[in-house]
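The values are calculated or read from the model by the stated rules, or taken from the named source; none is laboratory data. Just so it is clear, the model here is predicted, and its values are computed rather than measured. Backbone-built Cβ (ideal geometry, glycine too); neighbour counts: all protein chains shown. With ligands, DNA and RNA removed, areas are computed over all heavy atoms of the protein, side chains included. Shrake-Rupley method; radii C 1.70, N 1.55, O 1.52, S 1.80 Å.
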Protein chains: 2
Amino acid sequence: MHILTAEDRTYYLEKYPIDDFFSFDINPYLEVCQFEKGEWIFQEGSFPDTLYYMIEGKAKLYMTHKNGKVSLIEYLEASRFMGEIELLNEARYTKGIQTVTKTICYSITQSCKEKLLADALFLRRLCVFLGEKATNMTSKYTQNQAYPFENRLAAFIQLSADQGVYKEKHTEICEYLGVSYRHLLYVLAQFCEERILEKRKTGYHILDEKRLSQLAQEIQ
Amino acid sequence: MHILTAEDRTYYLEKYPIDDFFSFDINPYLEVCQFEKGEWIFQEGSFPDTLYYMIEGKAKLYMTHKNGKVSLIEYLEASRFMGEIELLNEARYTKGIQTVTKTICYSITQSCKEKLLADALFLRRLCVFLGEKATNMTSKYTQNQAYPFENRLAAFIQLSADQGVYKEKHTEICEYLGVSYRHLLYVLAQFCEERILEKRKTGYHILDEKRLSQLAQEIQ
DNA sequence: TAAAAAATATGAGATATCTCACATTATTGT
DNA sequence: ACAATAATGTGAGATATCTCATATTTTTTA
């Protein structure tokens, strides 16, 4: 991680204004920083003392279980807070966040914690953010319980396909969707057999958009 | 639902003080109300305009899926907010909440919405509440992905057993834990076979606390 | 208190999903 | 450019979990 200064700082602050999040001047407490691809923003198990607001990039939220199994919980995309739970509760054991691409964040030191926690403007925005987070997590949880993998995969393919082509890394996606690598491949093969997808050098091409939607929409 | 007045109102407001949630006088906007067992606090799909704070009782949060399957998402217990998401976002489609026991709530009408959303004291408390909600949901989600039912059931039995006896209603618990009724019974039978539990008239008695903990603790 | 509804119980067979072992192909670091 | 590492692909057998059918018991309601 390194801190951007001068023109870079100004550039981002103008491109992604953040003043209206606060009713006081945040500038003295704010830095613009850049994480390289693959870098860890939070180490799992640490006690972070910085609030981030991601403005560009993409990252993965991880946690390791007692049994050694690792869950990829969520993809985090701009724009969003990170470390906000740790701001509210003292010294909380945190999950790991690793960038997927180069990522730009505003970092806000906890030296203005008091001010933040007394600022209705900021708190209101944080409430909305946390409310959405809770709602999203809840729906992810219930969908996972209520639908077989086939439907969830169809929904995910729709979501992540680019120009009708699905080409994500199996090793990541099976973690994300919470099934074994083997099973992911089985179901992809099954989709190919049913002529919903076709496997080519360039990725899995969607042949039967309608059928895929049907499988996916059983969810929403 | 009916509204409590006079002595009842005073009794609860003294037993569960709530003034320090707000930096203004909440009394004019507050009612104490009582829901009977089995009554619906929010109908699924409605657009509620009341914020509740449950002070006594227990309820269930439900949602119905497109495929007709119903998920029991969570047990809600005092003390906690209900309808807070709807306060933050306009007119939001809501999940259903049904009481399990007689339940007492403070109800706060949205006529003081502006005041609430400008009150740092209240917002800060709401943030903490929402943060916990999000964190809990996340860990429920990941545990569900990472552990077989056997472990989750062991954890749930530990949590809900009273004096070493587990006696929940199977029909509810299988929904809550997201497995079929049949499978729940299978695993309970298996626990009996392994002499971890013993089935009696009075419920399932825990015989092997140690082994149960072992199964459950693989989770935490 | 009888009838209706809900909850409990169990068997049998089908599917979804996992683990493990191993071979092949891409990608990356030096 | 080559070795090391990561990602892909497949088979076989084991388990976890589901669906459905049906019987019995308990609880609720008229």
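Numbers at a glance
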item: Test result for A:GLU132, among the acidic types (Asp, Glu) and not in a helix (DSSP H, G or I); result: no
item: Given (1) more than 12 Å from DNA strand C (Cβ to nearest atom); (2) in contact (Cβ under 8 Å) with a residue 24 or more places away in the chain, number of the condition B:TYR147 does not satisfy; result: (1)
item: Neighbours by Cβ (under 8 Å, 6+ apart or cross-chain): first from segment A:184-204, without any contact (Cβ under 8 Å) to a residue 60 or more places away in the chain; second open to solvent by less than 30 Å² (accessible area, probe 1.4 Å) and hydroxyl-bearing (Ser, Thr, Tyr); result: A:LEU188/A:TYR204; A:PHE191/A:TYR204; A:CYS192/A:TYR204; A:LEU197/A:TYR166; A:LEU197/A:TYR204; A:GLU198/A:TYR204; A:GLY203/A:TYR166; A:TYR204/A:TYR166
item: Filtered residues of segment B:98-137 (kept if within 17 Å of B:PHE42 (Cβ to Cβ) and open to solvent by less than 10 Å² (accessible area, probe 1.4 Å)); result: B:THR99, B:THR103, B:ILE104, B:CYS105, B:TYR106, B:ILE108
item: Residue match in segment B:179-200 (condition: open to solvent by less than 40 Å² (accessible area, probe 1.4 Å) and of a type in the set (Gly, Ala, Ser)); result: no
item: Failed criterion for A:LYS169 (all others in (1) closer than 23 Å to A:THR99 by Cα; (2) crowded, with 18+ Cβ neighbours inside 10 Å hold); result: (2)
item: Complete set of residues in segment A:2-46 that are at positive phi and out of contact with any Ser or Thr (no Cβ under 9 Å at 6 or more places or on another chain); result: A:ALA6
item: Subset of segment A:87-133 that is of a type in the set (A, V, I, L, M) and out of contact with any Phe, Trp or Tyr (no Cβ under 8 Å at 6 or more places or on another chain) - its residue that is nearest to B:THR138 (Cα to Cα); result: A:LEU130
item: Condition broken by B:GLU175, with the remaining ones in (1) assigned to a helix (DSSP H, G or I); (2) within 12 Å of DNA strand C (Cβ to nearest atom); (3) at pLDDT 95 or above satisfied; result: (3)
item: Residue list for segment B:170-204, filter: near DNA strand D (Cβ under 8 Å from one of its atoms), on the phi < 0 side of the Ramachandran plot and touching a Ser or Thr at 6+ places or on another chain (Cβ under 8 Å); result: B:CYS174, B:TYR181
